[in-house]
Amino acid sequence: MKNVVFIAPPAAGKGTHSNKLKEKYGYEHISTGDLLRNEINNKTEIGKKVKAVIDAGNLVEDDIIIKILESNLKSIAGKLFVLDGFPRNLNQAKKLTEIFKKLNIDYEVIFLLIDEQEAMKRTLGRIVCSCGKSYNIFNEDFKPKVEGICDVCNSKLVKRDDDNEESFKVRFQTFLKNNEPILEYYKKLDKLNVITVNKHSKFVFEDIEEVINGNY
Ligand code: AMP
């Protein structure tokens with residue numbers, strides 16, 4: 001099976017499908033958003049520096065996130081992983097190629113294609129658990145069994161500080177601006193797999209399984 005790099009706008013399902021890969025196949029799930037939120041929750045120097053940037057929907061400086069990611073990738077050396085939330089611009093994509101070369105890692109890129117209206121609806125309905133599981137109050141298939149409580153660990157579900165309309169719009173525009181060069185870059189490297197998400201999540205996951213098995 002292949003390592004996966006997800007590229008997608010907010011709320012396209014990167015986190016949800018990463019979790020499924022983790023549950024079904026034992027993938028390590030590296031979410032750069034989660035790594036940054038951990039820094040914020042632990043009130044580290046980095047956390048204090050990035051909180052306002054993240055809440056506003058802007059991107060954290062490349063140097064900061066690249067350093068965090070590289071040490072994380074080293075710590076899981078040899079394990080199968082899914083990378084969720086990186087790269088977010090062409091510079092990060094090129095840096096990632098360097099890191100992968102250095103660590104001798106092979107991978108496939110999966111672009112989850114979603115339109116802005118659907119992504120906004122999903123963002124505004126999203127509630128998350130500190131265990132990494134995410135739910136959606138606007139979608140019957142993704143509601144928790146008990147309102148406001150995680151099905152997996154019984155913790156209280158919360159809304160992310162950046163899951164509001166204003167921040168969503170900044171994040172989506174940033175994504176649109178940066179995404180084209182990233183897609184071109186991975187197309188040239190022959191690593192790009194495009195999956196549309198306007199279908200039931202189980203069919204999206206089936207497509208993802210085709211990619212990790214080299215059949216897409
Ligand atoms: P996510 O959980 O992937 O939606 O990320 C939440 C926020 O963390 C983003 O809106 C950015 O502010 C920040 N972030 C996550 N990954 C990156 C990255 N690769 N580069 C810069 N900022 C990032």
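The values are calculated or read from the model by the stated rules, or taken from the named source; none is laboratory data. What you see is a predicted model, and the numbers here were worked out from it, not measured in a lab. Every residue, glycine among them, receives a Cβ derived from its backbone with ideal geometry; neighbour counts consider all protein chains shown. The area values use the complete protein model at the heavy-atom level, side chains included, leaving out ligands, DNA and RNA. Shrake-Rupley method; radii C 1.70, N 1.55, O 1.52, S 1.80 Å.
List of remarks:
- Only one of the numbered conditions (1) under 28 Å from LYS2 (Cα atoms); (2) of a type in the set (Ser, Thr, Tyr); (3) within 16 Å of the chain's Cα centre (by Cα); (4) open to solvent by less than 30 Å² (accessible area, probe 1.4 Å) is not met by TYR186, and that is (3).
- Between LYS14, LYS67, LYS48, the distinction of being touching a strand residue (DSSP E or B) at 6+ places or on another chain (Cβ under 8 Å) and either closer than 20 Å to LYS177 by Cα or of a type in the set (Lys, Arg) (or both) belongs to LYS14 only.
- Single match in LYS177, LYS187 (criterion: under 19 Å from ALA93 (Cβ atoms) and modelled with pLDDT under 95): LYS177
- If you go through region 149-182 and keep only what is within 16 Å of the chain's Cα centre (by Cα) and surrounded by 13 or more Cβ atoms within 10 Å (Cβ to Cβ), you end up with ARG160, ASP162, ASP163, PHE168, ARG171, PHE172, THR174, PHE175, ASN178, ASN179, ILE182.
- Considered as a group, the residues in region 72-121 that are of a type in the set (S, T, N, Q) and more than 24 Å from LYS20 (Cα to Cα) include one that is farthest from the chain's Cα centre (by Cα), and that residue is ASN104.
- The requirement of being in a loop (DSSP other than H, G, I, E, B), surrounded by fewer than 16 Cβ atoms within 10 Å (Cβ to Cβ), on the phi < 0 side of the Ramachandran plot and more than 9 Å from the ligand (Cβ to nearest atom) is not satisfied by LYS24.
- Within the span defined as region 128-150, one or more residues are of a type outside the set (Ser, Thr, Tyr) and within 12 Å of the ligand (Cβ to nearest atom).
- Against the list (1) open to solvent by 30 Å² or more (accessible area, probe 1.4 Å); (2) assigned to a helix (DSSP H, G or I), the condition ILE105 fails is (2).
- Residues in region 67-86 that are within 10 Å of the ligand (Cβ to nearest atom), among the hydrophobic types (A, V, I, L, M, F, W, C) and outside any loop (DSSP other than H, G, I, E, B): ILE68, LEU69, LEU83.
- Search result, residues across region 87-101 that are free of Cβ contacts under 8 Å to residues at least 12 places away in the same chain and either within 14 Å of the ligand (Cβ to nearest atom) or open to solvent by 10 Å² or more (accessible area, probe 1.4 Å) (or both): GLU98, LYS101
- Being at pLDDT below 95 and part of a helix (DSSP H, G or I) is a property that holds for ASN19.
- In region 37-66, residue farthest from the ligand (Cβ to nearest atom) [restricted to those that are under 21 Å from LYS94 (Cα atoms) and assigned to a helix (DSSP H, G or I)]: ASP63
- Every pair of residues 6+ apart whose Cβ atoms lie under 9 Å, when the first sits in region 116-127 and is without any contact (Cβ under 8 Å) to a residue 40 or more places away in the chain while the second is open to solvent by 50 Å² or more (accessible area, probe 1.4 Å) and in a helix (DSSP H, G or I): GLY125/PHE142
- Once region 27-36 is narrowed to residues that are touching a residue at least 40 places away in the same chain (Cβ under 8 Å) and in a helix (DSSP H, G or I), the residue that is surrounded by the fewest Cβ atoms within 10 Å (Cβ to Cβ) is ASP34.
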